[in-house]
Each structure stands twice: as structure tokens, then as C-alpha cells.
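Asker: One structure, as C-alpha cells, below. Some questions next.
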Amino acid sequence: MSAVTTPTFITVIGLEVHAQVLTSSKMYCGCSAEYANAEPNTHVCPVCLGLPGALPVMNRAAIETVMRTGIAFNCTIPDHCKLDRKNYVYPDLPKGYQISQYDLPLCIDGEIEFEVDGEITRAGITRVHIEEDTGRLLHDTVEGKSASLVDLNRSGVPLMEIVGEPDLKSPEEAREYLIALRRVLRYIGASSGNMEDGAFRCDANVSIRADDGSFIGPKVEIKNMNSFRAVERALRFEEQRQRSVVAGGGELTQETRGWVDARGFTVPQRTKERAHDYRYFPEPDLPPLRSTQTTRDAILESLPELPVRRLNRFALEYGLARHDAAVLTLERPVADLFEDSVRDLSDHHGYRMTANWIVNDIMGLARARGLPPDELSLTADQIADLVMLVRDGKLTGRAAKELLHQLGESEMPSIAAERLNLLSGSDDDELDLAVAEAMRLHPAAVADYRGGKKAAIGRLIGETMKITGGRASPDSVRQALASILEGERSGN
Ligand SMILES: [Zn+2]
């Protein structure tokens with residue numbers, strides 16, 4: 001057989017994220033940016049309705065939040081930047097243009113760190129720029145006729161675009177990149193990152209090229225991916241599609257394709273606009289922006305510890321298993337809660353116990369109660385109290401789990417344990433009675449133990465615990481049994 005070397009294809013992926021900026025008012029007017037539950041077209045004014053003659057005013061908080069984002073991604077913030085008009089016609093865009101940024105964005109040349117299969121990976125962030133959201137079209141039936149309605153409450157809500165370098169090599173990497181990016185935005189309070197509400201949206205550019213340089217495919221843009229899972233599936237479909245087109249001798253075109261989630265494929269939408277189609281020009285109604293080193297330093301100073309760093313610190317400083325550290329740092333409020341819960345502890349055993357209780361039981365309980373992932377139903381004081389009870393042997397693991405389900409909203413576990421009569425060793429007489437009952441039920445085990453087969457005590461411990469309903473700790477049962485079996489309290 002002759003060895004013909006065929007090139008290996010490499011997938012090249014770059015993501016563009018649009019994230020709504022968390023501010024109380026819109027980008028260029030004073031209207032409320034809270035549009036989700038508002039009556040249609042109630043949060044509007046001449047500016048965001050695009051009426052002739054209305055003049056925009058810049059939202060300082062939004063600009064600072066986007067700078068914060070850039071600084072969190074290690075971007076350079078140039079001294080000067082400007083706003084530009086991006087012209088196009090669409091029913092949800094009353095002005096006929098968006099105020100965005102073209103050649104001089106607010107933040108450039110950053111990077112993001114994320115984990116893929118336990119390995120730390122980095123990808124470049126090309127730019128982060130500020131722009132405004134459009135209105136929304138609602139397709140409905142009005143008086144028996146199908147109609148398209150427009151709601152302009154979202155028109156002018158601050159939006160940032162985070163453009164990533166084409167550094168991602170697989171759909172899995174793209175998914176992890178996106179999750180890590182969203183987590184940073186949530187940590188620094190820049191965006192809710194909520195994908196279901198459309199506050200966090202992602203488009204992808206995908207191409208393939210041969211590793212020997214003999215083929216470089218055109219970029220295909222994928223839209224309409226509404227979940228992390230959809231992004232991964234769409235990219236997997238698209239990389240396969242491009243490979244089979246090339247393998248079959250076909251030709252790929254530069255185009256925009258839409259992901260059809262229900263059917264699991266992408267379909268052509270339109271050929272991609274180029275920058276000149278938008279007729280960008282500098283926004284004449286707003287001045288250019290200038291930032292100083294002092295402002296940038298102040299923002300850097302105010303940033304919280306970012307998720308990847310916090311994960312590593314949790315593993316190192318508290319001696320937590322990497323998995324537990326990762327779960328605890330997914331959401332900033334949960335990570336804060338863990339640190340508040342262990343503030344009076346100083347040993348790895350206590351840290352790990354607390355982490356275990358939060359990761360396994362308390363988060364499980366929150367999920368069962370339908371709470372969002374950044375909310376747990378216990379306070380730090382309650383968690384610390386619970387862990388202390390278990391640690392001191394006053395509460396068995398089983399009793400503690402039961403207590404969690406019956407704990408009142410602001411009730412301390414030590415109070416609840418008494419109320420529910422779950423404390424172990426609180427009643428020595430009760431324990432003695434249980435031991436006596438276990439010995440009566442298993443005379444053979446008693447005889448074996450007294451005859452020298454010390455392992456027989458295991459049977460009696462199990463039986464005694466069953467009789468006490470799990471309230472007694474194995475240690476206290478063992479002690480009581482040993483003293484009764486060997487001591488003068490034998491009762492026989
Ligand atoms: Zn307005």
C-alpha cells in the first residue's frame with residue numbers, strides 16, 4: 001500500500017458575546033433598563049424611540065462597567081475611544097442605526113483563563129465595546145389576523161460586545177470558554193448573564209483549515225444558539241458539515257447560518273454583511289471618551305477576586321478537593337457564604353467538612369426547593385452551627401440531614417436539634433435502655449464478645465443505633481456498649 005499523506009483538519013472557533021450591562025437606566029437616556037416585566041412600550045422616551053431631534057446622553061455607570069469587564073479580562077484600556085453609528089434598517093430599530101463602537105473600542109487585547117478537562121487554557125479577547133440593544137418584535141395574532149408587534153422597552157438598554165480571538169479548537173473548548181466568561185461577568189456584577197432572558201447571547205465564527213496549510217476555509221457565522229448546550233451542539237454539527245463538504249469535493253462559502261435547535265442542524269440565513277455595508281461613521285451627537293490611569297487603577301483596585309483564582313485559593317488555602325473548590329466558586333454568593341461559614345475555624349478538617357455539607361446537602365436542598373444556583377436557604381451562622389454540632393459528636397450525620405429538612409428559616413441548628421429531639425448523647429438513660437434492648441435481642445453476640453470475639457460488638461452497635469433511630473453517634477454507642485459489656489453495669 002502506498003502511503004498518501006492526507007492533511008488533518010483543524011477546527012477554528014471564535015465567539016462573539018453580547019451581554020446586557022447591569023445598570024438601572026438605559027445607555028443614552030434616563031429610561032429604566034428594567035424591561036422584562038414591564039408593559040410593552042412604557043419605558044420609552046424620544047431618545048430611545050429614535051424621534052428626530054432627540055439627543056443622546058451617555059450613561060457613565062454603563063461605561064465604567066464595561067471598563068471593569070475589560071480590566072477583569074486583562075485588556076488594555078486606551079486613553080481615547082469614540083462612539084460610531086452602525087446604520088441598518090430593521091423594524092425593531094426605530095433610529096435606523098445603533099450607537100456602537102467601530103475602530104476605537106473601549107477595551108482591547110485581553111484574555112480569559114478557563115479549564116478544559118482539568119487543564120488551564122487561555123484564549124484571547126480581541127475587544128470589548130459598548131453599544132445599545134434593539135427593541136423586540138412579538139409575532140402574535142390580533143383580531144384573528146397574524147401580526148408583528150414591536151416593544152421598544154429594550155431599545156437602548158446598555159449592551160457590551162465581547163469579541164474573542166479565534167483561539168478555540170473544539171466545541172467543548174468553546175462551551176467552557178463561554179461558561180467561564182459568563183461567570184466572570186456575574187462575579188464582577190457586570191451582567192446577569194441570563195441566557196434564557198436574552199441578557200447573554202452568543203454568535204460563533206467557525207472555519208476549518210488543514211494543518212499543513214494546504215487549505216483554509218472561509219468563516220461561517222452561526223446564530224440563534226440559546227443555551228450552552230445549543231452552542232456546543234451547533235458547533236459540533238458545523239465542524240462536521242464543513243469537513244464533509246470539503247471531503248466531498250464541494251466548496252464552502254462565507255455565510256451566516258442559523259441553528260435550528262429542535263432539528264439539530266444549521267441552515268443558511270444570508271451572506272454576511274461586511275463592515276462597509278453598515279456605513280459606520282463617528283457619532284456626531286456624543287463626544288469621544290477619555291480615560292485616565294487613575295480611573296483605570298481605581299477600577300482594578302475595586303475588582304473582586306476572580307473565579308479561577310478563587311478556585312485555586314480554595315484548594316490551596318482550605319485544603320479542599322478540587323471538585324469541591326470548583327463547585328463552591330461557581331457563583332460568588334456561594335463562595336462568600338463558604339468563607340463566612342468557616343471564619344471561626346482554623347483547620348483543614350473543619351474546612352472540608354463545611355465544604356462537604358454545602359456541596360452535597362445544602363446545595364441539594366436549595367435545588368430541591370427550586371432556588372437559583374446563587375442562593376442557598378441557609379445563612380453562614382446556621383451552617384457553622386450545624387458543622388460544629390456534627391463535629392462535636394452532638395449530631396450524627398443522619399440526624400443532621402434530617403434536621404436540614406426541618407430547619408426553620410432563621411432557626412439555629414442547635415435550637416432545632418433540641419426542638420426535634422435529634423441530639424445524640426443528650427439522654428444517657430435512653431442510650432442505656434437501647435443498649436440493654438440490643439443485648440436482649442442478640443444474646444449470641446453478647447456471648448461471643450464476652451468470650452473474646454471483640455468484633456461481635458459491631459452487630460450490637462448497629463442494632464442499638466437502629467433502636468435510637470440514628471440519633472446516637474457510633475462512638476457514643478460503642479462506649480456505652482463497651483462499658484456495659486465489660487463493666488459492673490452488665491445487668492446480667
Ligand atoms: Zn428612553
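The values are calculated or read from the model by the stated rules, or taken from the named source; none is laboratory data. Since the model is a prediction, treat every value here as computed from it, not as a measurement. Heads up, the Cβs are rebuilt from the backbone with ideal geometry, glycines too, and the neighbour counts pull from every protein chain shown.
Conditions (1) in a loop (DSSP other than H, G, I, E, B); (2) free of Cβ contacts under 8 Å to residues at least 12 places away in the same chain; (3) exposed (fewer than 15 other Cβ atoms within 10 Å of the Cβ); (4) of a type in the set (A, V, I, L, M, F, W, C), marked per residue:
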{"site": "191", "(1), (2), (3), (4)": "yes, no, no, no"}
{"site": "204", "(1), (2), (3), (4)": "no, no, no, yes"}
{"site": "208", "(1), (2), (3), (4)": "no, no, no, yes"}
{"site": "232", "(1), (2), (3), (4)": "no, no, no, no"}
{"site": "235", "(1), (2), (3), (4)": "no, no, no, yes"}
{"site": "239", "(1), (2), (3), (4)": "no, no, no, no"}
{"site": "242", "(1), (2), (3), (4)": "no, no, no, no"}
{"site": "249", "(1), (2), (3), (4)": "yes, yes, yes, no"}
{"site": "252", "(1), (2), (3), (4)": "yes, no, no, yes"}
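Asker: Restricting the search to the stretch 325-371, which residues are of a type in the set (S, T, N, Q), surrounded by fewer than 21 Cβ atoms within 10 Å (Cβ to Cβ) and in a loop (DSSP other than H, G, I, E, B)? Reasoning before the result, please.
Answerer: Narrowing the stretch 325-371 to residues of a type in the set (S, T, N, Q): 329, 341, 346, 354, 356, 360.
Now restrict to residues that are surrounded by fewer than 21 Cβ atoms within 10 Å (Cβ to Cβ): 346, 356, 360.
Scanning the stretch 325-371 gives a single hit, 346.
Asker: Further question: Taking residue 111 and the conditions (1) surrounded by fewer than 17 Cβ atoms within 10 Å (Cβ to Cβ); (2) at pLDDT below 95, which numbered condition does it fall short on, given that it satisfies the others?
Answerer: (2)
Asker: Between a first residue in the stretch 271-289 that is more than 11 Å from residue 84 (Cα to Cα) and a second residue that is modelled with pLDDT of 70 or more and surrounded by fewer than 11 Cβ atoms within 10 Å (Cβ to Cβ), which pairs have beta carbons less than 9 Å apart while being 6 or more apart in sequence or on different chains?
Answerer: Note: pairs meeting the criteria are 289/80.
Asker: Then there's this: Taking residue 88, is it within 16 Å of the ligand (Cβ to nearest atom) and either aromatic (Phe, Trp, Tyr) or in contact with a Gly (Cβ under 9 Å, 6 or more places away or on another chain) (or both)?
Answerer: No.
Asker: Please pick out the residue among 379, 354 that is polar (S, T, N, Q), out of contact with any helix residue (DSSP H, G or I) (no Cβ under 7 Å at 6 or more places or on another chain) and free of Cβ contacts under 8 Å to residues at least 60 places away in the same chain. Spell out the reasoning first.
Answerer: On the way: 354 fails: out of contact with any helix residue (DSSP H, G or I) (no Cβ under 7 Å at 6 or more places or on another chain).
None of the others qualify; the one that does is 379.
Asker: Let me ask something additional. Assess whether residue 181 counts as being aliphatic (A, V, I, L, M), modelled with pLDDT of 95 or more and within 19 Å of residue 71 (Cβ to Cβ). Before you say what the answer is, go through the steps one by one.
Answerer: Details: aliphatic (A, V, I, L, M): yes; modelled with pLDDT of 95 or more: yes; within 19 Å of residue 71 (Cβ to Cβ): yes.
Considered against the rule, which asks whether it is aliphatic (A, V, I, L, M), modelled with pLDDT of 95 or more and within 19 Å of residue 71 (Cβ to Cβ), residue 181 comes out as yes.
For every residue, the table says whether it meets (1) acidic (Asp, Glu); (2) crowded, with 22+ Cβ neighbours inside 10 Å; (3) within 15 Å of the ligand (Cβ to nearest atom).
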position: 14; (1), (2), (3): no, yes, no
position: 21; (1), (2), (3): no, yes, no
position: 43; (1), (2), (3): no, yes, yes
position: 64; (1), (2), (3): yes, no, no
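Asker: Do any residues in the stretch 152-176 that are more than 16 Å from the ligand (Cβ to nearest atom) have Cβ atoms under 9 Å from those of residues that are among the aromatic types (Phe, Trp, Tyr) and assigned to a loop (DSSP other than H, G, I, E, B), where the two are at least six apart or on different chains, and which pairs are they?
Answerer: Close Cβ pairs (under 9 Å, with a partner that is among the aromatic types (Phe, Trp, Tyr) and assigned to a loop (DSSP other than H, G, I, E, B)) amount to 162/73.
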